[in-house]
Amino acid sequence: MNEELRAGPRFLPKWYSIAQVAQMLGFGLSKTKMLVATGELRSLKDGKHRRILPEWVDEYIERRVKEGAA
């Protein structure tokens with residue numbers, strides 16, 4: 001039987017935690033928290049947790065690339 005069929009469908013998260021974004025960007029947790037605190041990386045509060053939409057991660061990366069090219 002196909003491995004994917006046994007494991008079931010894979011879903012992409014609709015939003016990420018700060019720790020997940022830190023890992024995705026290759027940053028430390030404290031640096032990522034600072035980006036959120038300063039507003040450089042958009043986030044929203046969901047109960048007692050901060051969440052970051054995938055498009056906000058993409059916006060941050062695009063902005064950094066443009067700044068680096070300038």
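Derivation of every value follows stated rules applied to the coordinates shown; laboratory data play no part. Given the structure is predicted, the values throughout are model-derived calculations rather than measurements. No Cβ is skipped: glycine too gets one built from the backbone with ideal geometry, and neighbour counts run over all protein chains shown.
Working note: Karplus 6.51/-1.76/1.60 with θ = phi - 60° gives segment 54-70 the couplings x, 5, 6, 5, 4, 4, 4, 5, 4, 4, 5, 5, 4, 5, x, 7, 6 Hz, where Gly and Pro are set to x. Here is how the number arises for the chain: DSSP H runs of 4 or more residues each give -39500 (n - 2.57), the sum is divided by the residue count, and the result at 222 nm is -15500 deg cm²/dmol. The amide H of L41, built 1.01 Å from its N in the peptide plane, has V36 as neighbours under 5 Å, considering only residues 5 or more places off or on other chains. If R0 is taken as 22 Å, the Cβ-Cβ distance between I61 and K31 corresponds to a FRET efficiency of 0.95.
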